[in-house]
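FYI, it's all coordinate maths here, none of it is from the lab. This structure is a prediction, so every number in the text was calculated from the model and none was measured. Cβ placement follows ideal geometry from the backbone for every residue including glycine, while neighbour counts extend to all protein chains displayed.
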Amino acid sequence: MRPSPEDLRDALASLPRARASSDFAARVLERLESRESRRRHRARWSVAALLLVAVATGTLWEVTERRREMRRQARVEALREESATLARELAELRKLTAQGEASLVLTGDEDYEIVMGLSPWIEGETRPALAADRNR
Amino acid sequence: MEALQTVDASDGELFARAREGDRAALADLVERHKDALVNYLTRMAGSRDRAEDLAQETFVRLVERSDGYREQGQLKAYLYRIATNLQRSAERRERRWRLLEPVFALGVPTHERPRQDLRLLRDELAEQLLAGLRALPLHYRVPLVLRDVEDWSYQDISGMLGCAVGPITSRIHRARELLRVRLEDRWKGGTT
């Protein structure tokens, strides 16, 4: 037999009512408190993690910058040394030029060497002549 | 004086104070609705223990998501909406577990309803009634329980579900029909 709608409604209405436990409200507040405390804890950790990342990034940047600066200084130093060397060589050349005829040793061995006089260039001539074949 | 103010205060007023961090106001709000909510969820979930857990979670969510509530005298509806959504999520989770169970041979069947509540019931008919209720799809079960167990008006149910009264009426009617068919073999006349 199928129950009538009224019987069904009565049956549903007369079901025993479940009641919340006596410490229900306290447990809700406790749960809320623990959730908030967890959230605060998480927030603190997030801030700490962010700070750590910031510090690590800053340190890395600092180290990278220092290395770049050191490389730059090393390059400048090398250029200075090279410049000083060139200046020294130039000075020696000028000294040689002042002492006598400017010449350039093209080739040679123990017995002879081919030397090209550079005076024509220095004096403005276009076709220099071989200065001499001279024996040692 | 404070207690008197709390007793007289509307749900909205209590909730406004709870939002500001007044734990006493929140406790009063919880006291006011806890039994009805636990009973509603017991009929929805089929287990008092689980209903109690869901009801506690409902109040916690109410506070946590208080920004989503605009006071229009509908706090009770808002509270039950949260509870219903939690129940819906729980059932969805159970369905997923049920699908995974054979695959992973899981030892703890989470969908198994605790029997404690049923043991307390005096007769088989009530047991069948509760089993029938639990077997109803959620969109039928929610309005039926609110109407026939919690004695809500159609208007209030419609407000809670955010749905017109017409469809609510027909859903309740359909739910009763499904339940009557289910109880057909066991009905011996009379009520529990």
Item to check | Local electrostatic count, residue A:31, Cβ distance below 14 Å [Lys/Arg +1, Asp/Glu -1] | outcome: -1
Next on the checklist: How shielded is A:37-47 by partner chains, expressed as the average number of their Cβ atoms within 10 Å of its Cβ atoms?
Outcome noted: 0
Checklist entry - So what's the angle, to the nearest 10 degrees on a 0 to 90 scale, between helix A:24-99 and the longest Cα principal axis of chain A? => result 0 degrees
Checklist entry - Check residue A:114: other-chain or 5+ apart residues with amide H under 5 Å from its amide H, H built from backbone geometry? => result A:106, A:107, A:108
Item to check | Relative contact order (%) - the range B:126-192, alpha-carbon pairs under 8 angstrom, separation at least six | outcome: 40 percent
Checklist entry - Going by average Cβ neighbours within 10 Å, how do the peptides B:43-51, B:141-149 rank, with the highest at the top? => result B:141-149, B:43-51
Next on the checklist: I want to verify a result. In a Gaussian network model of chain A, Cα cutoff 10 Å, which of these has the top mean-square fluctuation: A:21, A:119, A:83?
Outcome noted: A:21
Next on the checklist: Tell me the volume per residue, in Å³, of the convex hull enclosing the alpha carbons of chain A.
Outcome noted: 442 Å³
Checklist outcome for this item: Neighbour-count ranking for B:60, A:76, B:38 (other C-beta within 10 angstrom, fewest to most) reads A:76, B:60, B:38
Next on the checklist: Which one, A:86, A:43, A:28, is farthest towards the positive end of the dipole of chain A when Lys and Arg carry +1 and Asp and Glu -1 on their Cβ?
Outcome noted: A:28
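Where does each of B:59, B:15 land when they are ranked from fewest to most other beta-carbon atoms within 10 angstrom?
Numbers: B:59 27, B:15 23.
Least to most surrounded, the residues fall as B:15, B:59.
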Checklist entry - How high is the relative contact order of chain A, in percent, counting Cα pairs under 8 Å that sit 6 or more residues apart? => result 10 percent
Checklist entry - How would you classify the range B:1-99 from its alpha-carbon gyration tensor, with a ≥ b ≥ c the square roots of the eigenvalues: rounded for a/c under 1.5, else prolate if a/b is greater than b/c, otherwise oblate? => result prolate
Item to check | Spin-label model distance (nm) - residue A:114 vs residue B:155, 7 Å beyond Cα toward Cβ | outcome: 12.1 nm
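What number, in nm² with one decimal, is the all-direction average of the projected area of the convex hull of the alpha-carbon atoms of the range A:57-97?
2.2 nm²
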Item to check | For A:118, B:26, B:161, order by how many other beta-carbon atoms lie within 10 Å, fewest first | outcome: A:118, B:161, B:26
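Only four residue types carry charge here, +1 at the Cβ of Lys and Arg and -1 at the Cβ of Asp and Glu. Report the dipole size of the range A:1-59 about the Cα centre in Debye, rounded to the nearest 20.
Once rounded to the nearest 20, the dipole reads 340 debye.
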Checklist entry - Using 11 Å as the cut-off for backbone N distance, which residues of the range A:8-42 belong to the label zone defined by a point 7 Å from the Cα of residue A:48 along Cα→Cβ? => result A:41-42
Checklist entry - Which residues does a label at residue B:95 reach in the range B:121-151, if reach means a backbone N under 14 Å from a point 7 Å past the Cα toward the Cβ? => result B:135-141
Checklist outcome for this item: Burial-style ranking of A:60-71, B:173-184, average other-beta-carbon count within 10 Å with highest first, yields B:173-184, A:60-71
Checklist entry - Under a point-charge model restricted to the Cβ atoms of Lys and Arg (+1) and Asp and Glu (-1), what is the dipole moment magnitude of chain A relative to its Cα centre, in debye to the nearest 20? => result 1920 debye
Checklist entry - Regarding the range A:1-81, what are the three Cα extents along the principal axes, ordered largest first, in Å? => result 111, 33, 12
